[in-house]
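Q: Sharing a structure, written as structure tokens. Questions coming.
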Amino acid sequence: MSVRTASMNGLSETPYAPPKARFWGFEYVPAERQLLHSFLSNQLVLVACVMLLFLVFCAIFAFWIAPVDPLEQTLRARLRPPIWEERGLSPFYLGTDRLGRDVLSNIIYGLRISLMVGFFSVGISLLIGLALGLTAGYSRGFWETAIMRAVDVQLSLPLIMVALCFMVIFGQGLGKMIIVLAIAGWAEYARTVRGAVLSIREKEYVEAAHALGFGPWTIMVKYLLINAITPVLILSAVQVPRVIMLEATLSFLGLGVPVTTPSIGLAIARGYQVLFSGSWWASIFPGLALMFLVACINIVADWLRDALEPRSREQV
Amino acid sequence: MILHISGDPMALLMPPDALPSQVEEMRRSLGLDRPLWVQYGLFLKNAAQGNLGVSYHHGQPALKLVLERLPASLELVITTIIISLILAVPIGVVAASRRGSMIDRASLLGSLIGISAPPFWIGIAFILIFSVELQWLPSSGRGTFAHLILPAGSLALYRLALFIRLVRAGMLDVMTMDYIRTARSKGVSEQKVVYKHALKNTLIPFVTIAGMQMGSLLAGAIVTEKVFAWPGMGRLFLEAIGVMDFPVIIAWALVTATIFLTVNLAVDVLYVWLDPRIRHEK
């Protein structure tokens, strides 16, 4: 059992080696236990998961954790460096920006926005994609053609470009951003779900269900949907960091959330404006925090994919 | 459709003290007073003839403005792709052939950081290190090769990380194939197995991904162009958004989409040419 040598396998596509039979005392190891075992034996994933939970905790309880209000401007403390430098000022542990806003508080509230956007927009595109993918896979004919052509059109354009154009049309706003990113992301779900449905809709047990007189809803939910859960779960884990990054990018460009929202992308953009006057902390720390968050999610996502789908090749 | 939703360009084009009659005259001269479907019909008719309208802001044909900026963007994108390919293929191969070694782990950790860092933030960090602190390289503008290094480098980091993972994964996958075992058992040297048999087969699917990345890079380069004040299409696009210069925005979207689709088509054709197995199917 080469779990230790593949301790980085949160990152690789190392096929998950099921534990030897004698280890568990019986031949068959249920899927959940395999998953748990591979989880516990992988320290990197464990650390990433703990860190992720910590970040989610901080984001939820930002109100109590952040030292000050992220939007409060303390004009006597503009562009103060982090606390360990000479001009640092308590309680601005990571310094302040040009208007005297606390960088650390901005990061904590910003991660909350990032996680919110990632969670909700992936959730919405999942629902849209699941519904349309199931429809396309189950009812052949016109609807399948129509839905899959729409998927082709959307996937033939770069994601960032679709999101940019939508944001230009609809304007700024957190809610709009979530909707736009959801619309930009549904196509991949629809394709994945349809693929999963097609692979089993001709199976004998589905045919048997038909013969037994089950209605289309029962068959869709009980047989087809269940089969699509694993690929959808994997896709979601990969999509969340992508969406978070896209939100930061759009906000950095000034096309995402309004300037009054404490977003990481906006914080980096503001820090960039004062970069040349030597105030590096206002842009570097928010970016580091975002990178840390995305890295944690990526580690967990990679592990999930490896554990659930050992044969899968890496997708882009 | 895009024209009316997010703002009235008149408000930005005309001075605030302009008379309502002047505003109306300007609106008429730009054709913005007509019903939406007439505007759209005219747009389609003109677009089919290669005329995407005149920029409200610059007073020049929008397509010409965008195409003027295209070489700068392509320069950035192609340099980025070349940098990431040249570095990623050897690193990926070495990592895969010495699986579990220090090199393998370092490349995996590095690529994790690479795919997790926002490219625009990498650009800012590069400016801080190489321009502000060390003062080795210029932080903005285009001209000499030195100007190209930081933007292309910061843009390349993400693709580099992605490509390393893909090459490594592909190599590991190919190495389990029967023909590799055959090659080994007939006594081909390990080096030849890795570089001639395995690498060649790894790189075929890789062509698709590299090609698709090139298209999305063109759109993704906007942020890098902003950070480094690179005079490409992306900056033109951002400026156009600032003044709601819709013809330029549309021209940018069309040019980017066209290039993206052309590259993808070229990649598909190339793929068939590279991989005889596809040609002989059916």
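Q: What does the highest-first list of B:187-193, B:266-272, A:98-104 look like by mean Cβ count within 10 Å?
A: Sorting B:187-193, B:266-272, A:98-104 by mean packing, highest first, produces A:98-104, B:266-272, B:187-193.
Q: If you stretched the chain out fully between A:Ser277 and A:Ile229, how much longer would it get, using 0.36 nm times the residue separation minus the C-alpha to C-alpha distance?
A: Between A:Ser277 and A:Ile229, full extension yields an extra 12.2 nm.
Q: In nm, give the distance between the simple-model label positions of B:Val188 and A:Phe142, each being 7 Å from the Cα along the Cα-to-Cβ direction.
A: With each label placed 7 Å out from Cα toward Cβ, I get 5.4 nm.
Only the coordinates and a few stated rules stand behind these numbers; no lab work does. Just so it is clear, the model here is predicted, and its values are computed rather than measured. Quick reminder, even Gly has a Cβ in these numbers, built from the backbone with ideal geometry, and neighbours come from all protein chains shown.
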